[in-house]
Structures are given as structure tokens and as C-alpha cells.
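The values are calculated or read from the model by the stated rules, or taken from the named source; none is laboratory data. For clarity, every value in this text was computed on a predicted model and none was experimentally measured. Backbone-built Cβ (ideal geometry, glycine too); neighbour counts: all protein chains shown.
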Amino acid sequence: MSTPGPERVPSTVKVGKTSGQGKPPAGGSSSRSGASRPGAKKAAPGKGGKGKGRKPVTPVKVAGGRNWGPIAVAGVVVLIAVGIIGYGVFAAVKGGGSWEDRLNAIDGVVDYRAQKNAAIDARDHKDGTLQYVTSPPVGGAHNGVWQNCMGDVYTEPIANEHAVHSLEHGAVWVTYKPGLAAGQIDELKKKVEGQDYMFMSPYAGLDKNVSVQVWGYQLKTDDASDSRIDEFIKNARLNASMEPGAACSSGNTTTGPVTASAPGAGS
């Protein structure tokens, strides 16, 4: 009589597929699905169901968390704008103020008004030859007839006594050393000819090639093209008048020594 062999036990437990209705077997057999079994492959994100085949969107990350390029450009623009505005304010302040301030700001200008010299400040009319503190004079007693100063260019020296009266009326007197180069004289003529309250003449004994003066102010230079001359004229012409509104026409037009004052002439 033979001995029966041991009972075989299945080594593998097969999990059956869900029924045709797609429902898992009762008893929570869904927890035993392939996703929960050891070693089973996990489903790729986005796969399964209706999303099968769609690739996930990877978010773009910016290094540092902030784009500094536009910020730097904006900063440069702001700095440029501030610089332009600042310069504009500076120029406005510098170009402002009184004409005396602007005149005194020109390098080399001598302000004789500030000296309060009685001989320069005097404005009375006197006949004959007079003595002056400065050469050329910038003020003081003078002849009753002014020198015509309507852009007149005199090729010979004129009398101080008539010229000073023109300064009192607000004219600019341009003088130059005799023998100055013709080109330099022509430069000065361009500044004077056709300009009201301007006149020009040679002047003996100058310590510089050119001397420009109004009542109480003077500028000397060796170069007729010196830009300071234009600045002087721009700021002083008419502004320096001691008698605003006084004429520059109908004055003396002769050269040489002082002439006698006409009866009742001048102011």
C-alpha cells in the first residue's frame, strides 16, 4: 500500500482582473493593485485616463528671483535726467542775478563803482581839459557835450571829456593801442559798427592792446578776439547808464582835443 504524498500549495497567487463592469472585487481588493505591490512600477504623472500621452509642463525658474537688467537701465536714465535738471538749475542761477553780478563774474573786470572814489563818481559838467583817475577814464566830471555813440568808429583819438559823458549815458567805449594789427582792429569794428550806445577809438598809452569801459567798469586784454569783450558788452551796454533814456545821438563827432560846450548842451 502506497503512502500518499504531501499536499501541494500554490507558490503564486494570481489576482484576477476586475469584472467587466470595472468594479474591484469586494473586500477592498483595490489596495492590492499593481501600484501597491512591492517592486511594481509607478504610473508616470499625467498618464492614464484621458491624459494619456500628455507631457507635463516644467515651470521656468529665473536665477536670483529678479531681473536686474531693466532696473539698471532705469537707474541710469534717472541719473542722466537728474544731471540735466541739475545743470539747468545751475545755469539759471548763474545766468540770473543783477547785471552788476554778471559783469563782475567776468574774469579781469575791474569794478570802480565799488571803490567809492569821489573823483570817479563825480558827474558835474566842466569845460576845458580835465584830469582822470584811470586811463582810459571810466567816470568823473566831464564836458557838457557827449561824444556821438551810435556805433561810431573813430580812427583818431577823441577827447576824454566828451567820451566820459557818453559813458554816463550808458555807452560802451572800445579803445585800442595805436598801431594794433589791422586784423585786430577789424575784430573790434565788428562789435561796434551799427550798434547803438557803442563807439570806438584809438587811445595812446594803453598798457594792454584793448581796453573796454562803461561808467565804473573796465576790462583790458591783449586780444581783440577775447570772448570776454562780448560778455562785457552784452551785460554792460545801456545797463551801466547813470541817466537811463539819455541819447547817444546828436553828440560831438570830431576827434582831437576837447571842444567848448555848446550853450545849454548836455545833461
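Would you mind stating whether residue 109 is touching a residue at least 24 places away in the same chain (Cβ under 8 Å), within 20 Å of residue 244 (Cβ to Cβ) and among the β-branched types (Val, Ile, Thr)? Here the answer is no, as residue 109 does not meet what is asked. When residue 235 is tested against (1) surrounded by 18 or more Cβ atoms within 10 Å (Cβ to Cβ); (2) in contact with a Pro (Cβ under 8 Å, 6 or more places away or on another chain); (3) not acidic (Asp, Glu), just one condition goes unmet, and that condition is (2).
With respect to residue 264, is the statement that it is among the small types (Gly, Ala, Ser), under 18 Å from residue 168 (Cβ atoms) and at pLDDT 95 or above true? No: the conditions fail for residue 264. Taking residue 241 as the residue in question, decide whether it is of a type in the set (Ser, Thr, Tyr), free of Cβ contacts under 8 Å to residues at least 24 places away in the same chain and on the phi < 0 side of the Ramachandran plot. The answer is no for residue 241.
Mind listing whichever residues of the stretch 219-234 are farther than 21 Å from residue 121 by Cβ and part of a helix (DSSP H, G or I)? Answer for the stretch 219-234, where residues must be farther than 21 Å from residue 121 by Cβ and part of a helix (DSSP H, G or I): 227, 228, 229, 230, 231, 233, 234. I'd like to know if the stretch 234-256 contains one or more residues that are among the aliphatic types (A, V, I, L, M), at pLDDT 95 or above and in contact with a Lys or Arg (Cβ under 7 Å, 6 or more places away or on another chain). Yes; the residues of the stretch 234-256 include at least one that is among the aliphatic types (A, V, I, L, M), at pLDDT 95 or above and in contact with a Lys or Arg (Cβ under 7 Å, 6 or more places away or on another chain). Considering only the stretch 143-163, I want to know if a residue exists there that is without any contact (Cβ under 8 Å) to a residue 40 or more places away in the chain, buried (at least 21 other Cβ atoms within 10 Å of the Cβ) and assigned by TED's automatic domain parsing to the domain that holds residue 226. Checked against the condition, which is being without any contact (Cβ under 8 Å) to a residue 40 or more places away in the chain, buried (at least 21 other Cβ atoms within 10 Å of the Cβ) and assigned by TED's automatic domain parsing to the domain that holds residue 226, the stretch 143-163 yields at least one hit.
For residue 167, the requirement of being buried (at least 24 other Cβ atoms within 10 Å of the Cβ) and under 30 Å from residue 125 (Cβ atoms) is met.
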